[in-house]
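What follows is one structure encoded as structure tokens, with my remarks underneath.
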Amino acid sequence: MLREHWLTRIALGCAIFGLIILAFYYEKSECEWKTINGISKDSAGSKVSIFGRIREIKQYENSISFQVYDGNTINAVIFNPAKEDFIQIQDNDLLNICGSVSKYKGKLEIIVESFKVV
């Protein structure tokens, strides 16, 4: 009976710990919805989610870069893409992107963490 009591406490503790880890992971992975016009220098370092049409794709051995257009334009890059990514992304596709805003050569861009072709 005492053993069951400790087993219950350990299980409850593990469950609570797991929920805390999930909450932390969710907080870290969440992207804030923005329009491209809503992304500014102050957004650098933050995670954003945007929706737009792909333009000017450039595929390299270790990256894919392209522009995303929603009435305004921003550059986006996928580093170390999977082989499927090269096939999946095509000019004029509508794309939902989640990524980190950064500056490259004085311009804002999005480092893509995940995307979905719509």
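Just rank L94, L7, fewest to most, by other beta-carbon atoms within 10 angstrom.
With the fewest neighbours first, L94, L7 line up as L7, L94.
Sequence neighbours fewer than 8 away in the same chain don't count; with that in mind, list the lysines whose C-alpha is under 20 Å from K41.
Answer for K41, where 20 Å is the Cα cut-off: K103, K105, K107, listed by chain and number.
Convert each backbone phi in region 47-60 into a coupling constant with the Karplus relation 6.51 cos²θ - 1.76 cosθ + 1.60 (shift: θ = phi - 60°), then list the ³J(HN,Hα) values in order as whole Hz, x for Gly and Pro.
9, 10, 10, 10, 10, x, 9, 7, 9, 6, 6, 10, 9, 10
Which residue fluctuates most in the GNM of the chain (Cα springs below 10 Å): L95, L12, L108?
In this elastic network of the chain, the residue with the biggest mean-square fluctuation among L95, L12, L108 is L12.
In terms of modelled amide H atoms, which long-range or inter-chain residues lie less than 5 Å from the amide H of D93?
For D93, the qualifying residues are I54.
Of Y60, N75, Q88, which is farthest along the charge dipole of the chain in the positive direction, counting Lys and Arg as +1 and Asp and Glu as -1 at C-beta?
Result: N75.
Can you tell which of S65, S100, S46 shows the greatest fluctuation in a Gaussian network model of the chain with Cα springs below 10 Å?
For the chain, modelled as a Gaussian network with Cα springs under 10 Å, the answer is S46.
Among E56, E32, E84, which one shows the biggest mean-square fluctuation in a GNM of the chain, springs joining Cα atoms closer than 10 Å?
It is E84.
So, with +1 on the Cβ of K and R and -1 on the Cβ of D and E, and no other charges, what is the size of the charge dipole of the chain about its Cα centre, to the nearest 20 debye?
On the way: 14 positive and 14 negative charges, 53 e Å.
In debye, rounded to 20, the chain gives about 260.
Per residue of region 10-18, in order, report the coupling 6.51 cos²θ - 1.76 cosθ + 1.60 (Karplus, θ = phi - 60°) as ³J(HN,Hα) in whole Hz, putting x for Gly and Pro.
Using θ = phi - 60°, the values come out as 5, 4, 5, x, 5, 5, 5, 4, x Hz.
Among I87, I78, which comes first, second and so on when ranked by fewest other beta-carbon atoms within 10 Å?
Least to most surrounded, the residues fall as I87, I78.
Read through the labelled values (1) 1.22; (2) 0.98; (3) 1.14 and report the label of the one computed as Rg/Rh (Cα atoms, Kirkwood Rh) from the structure.
(1)
If amide H atoms are built 1.01 Å from N in the plane of the peptide, which residues on other chains or at least 5 residues away come under 5 Å of the amide H of I74?
V68
Coordinate-derived values only; no laboratory data. Quick caveat: nothing in here was measured; it's all calculated off a predicted structure. Cβ: placed from backbone, ideal geometry, glycine included. Neighbour counts: every protein chain shown.
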